[in-house]
Structures are given as C-alpha cells and as structure tokens.
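These notes concern the structure reproduced below.
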Amino acid sequence: NRMVQALRAETSGVLPAAPPPPVDSLPALAVDGGGRTRYVRRDDVQFVEARGDYVRLHTLGGTHEVRMPMARLEQYWEPSGFVRVHRGFLVALRAVRELRSDSVGGVLAHTGAGDVPVSRRHARELRERLLRAAQRGELGR
C-alpha cells in the first residue's frame, strides 16, 4: 500500500524544481535596434529597470532595452551580484557608490548611471549585502 502511494506521488506530474542557472549565465545580452545588434556586457550594467515586457539596462554609456521579463533576468544575474531593490529595479552591488535619503524619507542607491529607488522592504537587506561586499573588498572596483 505504501509502495503504491509512493509510486502515485512519484508519477503525479509534479516536476522537481528547475536547477538554478549557472553563475556565468548571460554574461552579455544582444540589444536590437535601428537595424543593428549591439552586445551589452553584464559587467557594464549598473542597474536594470522593468518596462513591461522589456528591461532597460542602464550603463555608464547609456540605456538599452531588451525584451525579457525582469524576473528571468534576476534569476540569471542574481548569482553575479545583482540585487532586487524595488519591484521594478535590480542593482549591481558593485555599482552602488552610496545610499542616500530622498526628500520623503525613502532610500536611493546612487550609481554612476543614476539613482535607483530602494523600497523600504528591501532597504535593510541591501544595506547588509553592501556591508558584506565592502568587507570582502568587492565594492569600489
């Protein structure tokens, strides 16, 4: 009886969770526009902004849009130091120069490509991760 239950559970159609993406997933993204394709390196991206079905990659050289859901990009880039700081933003820890308070008591992560809003929900975790990264010498490179 137990064997039959175990077999039923095993064949119930419940699939195991997909393995996490490897650390070096998507080291660059192809950006199409104006009849050209450019390649944006993950290491050049300071932060990512959700724009519907697209993400906008913010680099020191400008912005680039790629058709990809934010959640998928987060899955690929989180192991490489990108952190969700707001419903619509990911930031590269290495790109954060400082945290600032805005005029209404919120927090902004200051990067070379601009300021990124940090939700209250994510502020404490971001501060802790920045401190750990600084202690390991991973910031300001």
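Quick notes on this one:
- Net charge contributed by nearby residues that have their C-beta within less than 15 Å of G33 (K/R +1, D/E -1): +3
- Surface composition of the stretch 28-136: carbon and sulfur atoms hold 44% of the protein heavy-atom accessible area at a 1.4 Å probe.
- Mean accessible surface per residue for the stretch 28-136, computed with a 1.4 Å probe while every protein chain stays in place, in Å²: 58 Å²
- Protection-proxy order for peptides 62-71, 88-97, 113-122, 43-52, each taking the mean of Cβ atoms within 10 Å per residue, highest first: 88-97, 43-52, 113-122, 62-71
- Normalising the average separation of contacting C-alpha pairs (under 8 angstrom, six or more residues apart) by the number of residues puts the relative contact order of the stretch 86-136 at 30 percent.
- Couplings 3J(HN,Hα) for the stretch 105-113, derived from phi with the Karplus relation 6.51 cos²θ - 1.76 cosθ + 1.60 (θ = phi - 60°), are x, x, 10, 10, 8, 8, 10, x, 9 Hz, where x marks Gly and Pro.
- Residue among H122, G33, A71 farthest towards the positive dipole end of the stretch 28-136, charges placed on Cβ: H122
- About its Cα centre, the stretch 28-136 has a charge dipole of approximately 220 debye under the convention of +1 per Lys or Arg Cβ and -1 per Asp or Glu Cβ, with nothing else charged.
- Amide H contacts for V31 (H built 1.01 Å from N in the peptide plane; partners 5 or more residues away or on another chain; cut-off under 5 Å): R38, Y39, V40.
The values are calculated or read from the model by the stated rules, or taken from the named source; none is laboratory data. All figures in this text were calculated on a predicted structure; none of them were measured in a lab. So basically every Cβ, Gly included, is an ideal-geometry build from the backbone, and we count neighbours across all protein chains shown. Heads up: the accessible areas ignore ligands, DNA and RNA and are worked out on the full protein's heavy atoms, side chains in. Shrake-Rupley method; radii C 1.70, N 1.55, O 1.52, S 1.80 Å.
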